[in-house]
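Working notes, structure below.
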Amino acid sequence: MFISKALKSYLFDIGRLKRLNGEELRKYQDKNLKKMVEYAYTVPLYHDKYKKAGVRPEDITGIQDIKKLPIISKEDIKNYYPDGIISPKIRKEKLIEISTSGTTGKSLSLYGDMYDAILWLFWYIRILREYGINWRKNRMTIIGDFAPHTIGTGYIKKGLLSNLKNNFLFNNIQWLNTNDEPKTIIKEVNRFKPEFIGGYVGMLGHLALLKEKGFGEDINPGCIATIGSVLTDPLRKLLEETFDARVFEVYGATESGTIAYQCKYGHYHVMSDLVYLEFLKDGKPVGSKELGGLVLTKLYGGGTPIIRYNAVNDIIAPLYDKKCDCGVSGDIIDLIYGRDDLSLYFSGGRALLPSSISEIHGRILYGLKTNKIKETRIIQHSLTKIEIKLVIDNQLREKGPSVEEIFSIIKNGYQEKVGSDVEIIVREVDKVSKKGPRIISKLDRNKFEIRQYI
């Protein structure tokens, strides 16, 4: 039955967004939201929240009723973990436990199942087909996060590869860990000679610099997909020019899997048959191209339900009433600005978004073309004081631009963004803990009213 269900999904679900028109897609969303709410009502967390809100499954007839449902937070899931975030009708030992990356220092554990793992692969195949890549024939390198309990480890290592280890399906796919050293990664990629590379933005940037220095002579992919963080235009250009490849973004979250991807025309298409997205500011929907906080609903799955979940924390601008020539139906995103909880805050209600922070630090990578900085830790002490701690690679210390020049570019970059009234301290440290968050704020963000994103 499982194989039959998976085969049906492979044959019919991958191409669904090109097959359904807008009206048909909405009916599909309505049907699946109702199913997910009915399932969620058997999960203690959702049952308690819905009962308190006075909502029952029969009150939800489709997407138009979604606002009747209460918002679910990260703290809600943590408070009910482990048994309260899955249905008692499901045996927990049959599920796969996965955790968020803990970028902010607070990871979150939840559950998926083997069918989630299979569908995760299918949705990636959907994206590959858009770029003419055959997942069975083309050589592909996937540089994922295979730290313990991540979605990569759960769905790939423990899910697909463990259950299909005697299968020939993945002989043309190379799986590498983004937590390894860039020189180790580029050596393996060069040996494999992939036609497609998918990986995290930071690692791909390091690989581009190494290739410019003569490493990876046999790495010539036709396409590169980036994940994990905002891809700035200069870094995109660096990847395109260095690898002579087409570069596009894939956007997702541990809680839901793939959310959106960039088509050949540059538009960010939401996987609208898999997720339903709301973009809210002060609890109200934003207009087209206006920035709003993401509220996420997953329209499939049998582990931990994700319905009106607000803790992905990304700031996104939707693009309404836009038709794309690629023929994919569903919603479109204008821009993804990064995580609100990784922003820095300043006087006048100004918030410096992760995309702006990435642009500043990216000047070292794509401007000076050096990966001399091994680790970074940003600490916001107050509205008028930011401290940036940098770990320098001693093997590269005397090569290329000086440490002083790097410090100056970073300091000036922040000063340009936030003004001269903010003290910017850039200093070298021997190490920073990889277990802690990259950005630490000593401000009470709940008391800060955002008026402007910068």
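Observations on the structure shown:
- Among 387-400, 308-321, sorting by the average number of other beta carbon atoms lying within 10 angstrom of each residue, highest first, gives 308-321, 387-400.
- Using a cutoff of 8 angstrom between alpha carbon atoms and counting only pairs six or more residues apart, the relative contact order for segment 40-87 works out to 52 percent.
- Cα centroid of segment 231-253 to Cα centroid of segment 166-221, whole Å: 15
- Debye, to nearest 20: dipole size of the chain, +1 on Lys, Arg Cβ, -1 on Asp, Glu Cβ: 880
- Segment 336-454: relative contact order as a whole-number percent, Cα under 8 Å and 6+ apart: 35
- Here is what passes the span test in the chain: the DSSP H helices with alpha carbon length of 18 Å or more along the helix axis and a Kyte-Doolittle mean of -1.0 or above are 114-130, 403-418.
- Entries in Lys211/Lys374; Lys8/Lys323; Lys298/Lys322; Lys31/Lys298; Lys18/Lys67; Lys52/Lys94 that, when Cα-Cα distance is taken, lie over 20 Å: Lys8/Lys323; Lys298/Lys322; Lys18/Lys67; Lys52/Lys94
- Neighbour cut-off at most 13 other Cβ (10 Å), DSSP loop, GluC sites (Glu not before Pro), segment 231-277: none
- Partners of Lys137 within straight-line reach, counting aspartates and glutamates whose Cα lies under 18 Å from its Cα and excluding those fewer than 8 residues away in the same chain: Glu195.
- Largest-first principal axis extents, alpha carbons of segment 263-340, Å: 35, 30, 19
- For Ser109 and Asn394, the difference between the fully extended length at 0.36 nm per residue and the C-alpha to C-alpha distance is 98.9 nm.
- For Gly228, the residues whose modelled amide H falls within less than 5 Å of its own, excluding neighbours fewer than 5 places apart on the same chain, are Gly252.
- Here the Karplus relation 6.51 cos²θ - 1.76 cosθ + 1.60, evaluated at θ = phi - 60°, turns the backbone of segment 329-344 into coupling constants of 8, x, 6, 10, 9, 7, 8, 10, 9, x, 7, 5, 7, 10, 7, 10 Hz, with x for every Gly and Pro.
- Across all directions, the shadow cast by the convex hull of segment 344-454 built on its C-alpha atoms averages 7.0 square nanometres.
- Between amide H atoms placed 1.01 Å from N, distances below 5 Å from Ile72 occur with Tyr309, Asn310, all of them 5 or more places distant or on a separate chain.
- For the pair segment 361-414 and segment 260-285, the centres of their Cα atoms are 33 angstrom apart.
- Distance between the 7 Å Cα→Cβ label points at Asp334 and Arg191: 4.8 nm.
- FRET efficiency for Thr384 and Asp48, using Cβ-Cβ distance with R0 set to 30 Å, rounded to 0.05: 0.10
- Of the three principal axes defined by the Cα atoms of segment 203-350, the extents in descending order read 51, 43, 34 Å.
- Per-selection Kirkwood Rh - segment 1-132 (Cα, Å, 1 d.p.): 17.1
- Förster radius 25 Å - calculated FRET efficiency between Lys322 and Glu416, Cβ distance, rounded to 0.05: 0.20
- Take the Cβ atoms of Asn310 and Ser408, set R0 to 35 Å, and the FRET efficiency comes out at 0.35.
- Scanning residues 5 or more positions from Tyr320 or on other chains, those with amide H under 5 Å from its amide H are Ser288, Lys289, with H placed 1.01 Å from N in the peptide plane.
- Dimensions (Å) - the chain, Cα atoms, principal axes, largest first: 65, 54, 44
- Helical contribution to [θ] at 222 nm, DSSP H n ≥ 4, -39,500 (n - 2.57), averaged over the chain, rounded to 500: -8000 deg cm²/dmol
Only the coordinates and a few stated rules stand behind these numbers; no lab work does. Predicted model, so just to flag it, every value in this text is computed and none were measured. With ideal geometry, Cβ positions are generated from the backbone for all residues, glycine too; neighbour counts draw on all protein chains shown.
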